[in-house]
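S.K.: Encoded as structure tokens, here's the structure I'll be asking about.
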Amino acid sequence: MADREMIRQTLLELMEADIGEKFTDLSDSKRLREELGLDSVDVVSIVSQIERHFRVRLSQQELEKLVSIGDLLNLLVAKLATPSSTSAA
């Protein structure tokens, strides 16, 4: 099982590769849209990368609750800790 910092590093790499920008700070409090400048297309693309990389499914209800990097990390940590993480919620 991956720990939170390993997930954060992987998330950083996925975001940089997908968006083509360098992110120097992915602290838990960073807001995805307001502070990182992600629009809905960026978020959908990154979520697709996350689902493929971690082999998890994120439901629409889960995605609607994501505001910050911390929210996303909490969700991924929970998903990866659950044995049935590949099943849709």
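S.K.: Among the residues of the stretch 6-20, write down those that are part of a helix (DSSP H, G or I) and open to solvent by 50 Å² or more (accessible area, probe 1.4 Å).
M.R.: As a first pass, look at the stretch 6-20 and keep what is part of a helix (DSSP H, G or I): 6-19.
The answer is MET6, GLN9, GLU13, ALA17, ASP18.
S.K.: Can MET1 be described as modelled with pLDDT of 90 or more and not acidic (Asp, Glu)?
M.R.: Details: modelled with pLDDT of 90 or more: no; not acidic (Asp, Glu): yes.
No, not satisfied.
So that you can scan it fast, the table gives a plain yes or no per residue for (1) small (Gly, Ala, Ser); (2) modelled with pLDDT of 95 or more; (3) within 22 Å of ASP3 (Cα to Cα); (4) touching a strand residue (DSSP E or B) at 6+ places or on another chain (Cβ under 7 Å):
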| site | (1), (2), (3), (4) |
| --- | --- |
| GLU16 | no, no, yes, no |
| ASP28 | no, yes, yes, yes |
| LEU36 | no, no, no, no |
| ASP39 | no, no, no, no |
| GLN60 | no, no, no, no |
| LYS65 | no, no, yes, no |
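S.K.: Within the stretch 37-62, work out how many residues are of a type in the set (A, V, I, L, M, F, W, C), assigned to a helix (DSSP H, G or I) and either exposed (fewer than 11 other Cβ atoms within 10 Å of the Cβ) or in contact with an Asp or Glu (Cβ under 7 Å, 6 or more places away or on another chain) (or both).
M.R.: Restricting attention to the stretch 37-62, the residues satisfying the condition of being of a type in the set (A, V, I, L, M, F, W, C) are 38, 41, 43-44, 46-47, 50, 54, 56, 58.
Checking the rest, the ones that are also assigned to a helix (DSSP H, G or I) come to 41, 43-44, 46-47, 50, 54.
Checking the rest, the ones that are also either exposed (fewer than 11 other Cβ atoms within 10 Å of the Cβ) or in contact with an Asp or Glu (Cβ under 7 Å, 6 or more places away or on another chain) (or both) come to 41, 46.
Total satisfying the criteria: 2.
The values are calculated or read from the model by the stated rules, or taken from the named source; none is laboratory data. Values in this document were obtained by computation on a predicted structure and should not be read as measured data. Neighbour counts run over all protein chains shown; Cβ positions are idealised from the backbone, glycine included. Heads up: the accessible areas ignore ligands, DNA and RNA and are worked out on the full protein's heavy atoms, side chains in. Shrake-Rupley method; radii C 1.70, N 1.55, O 1.52, S 1.80 Å.
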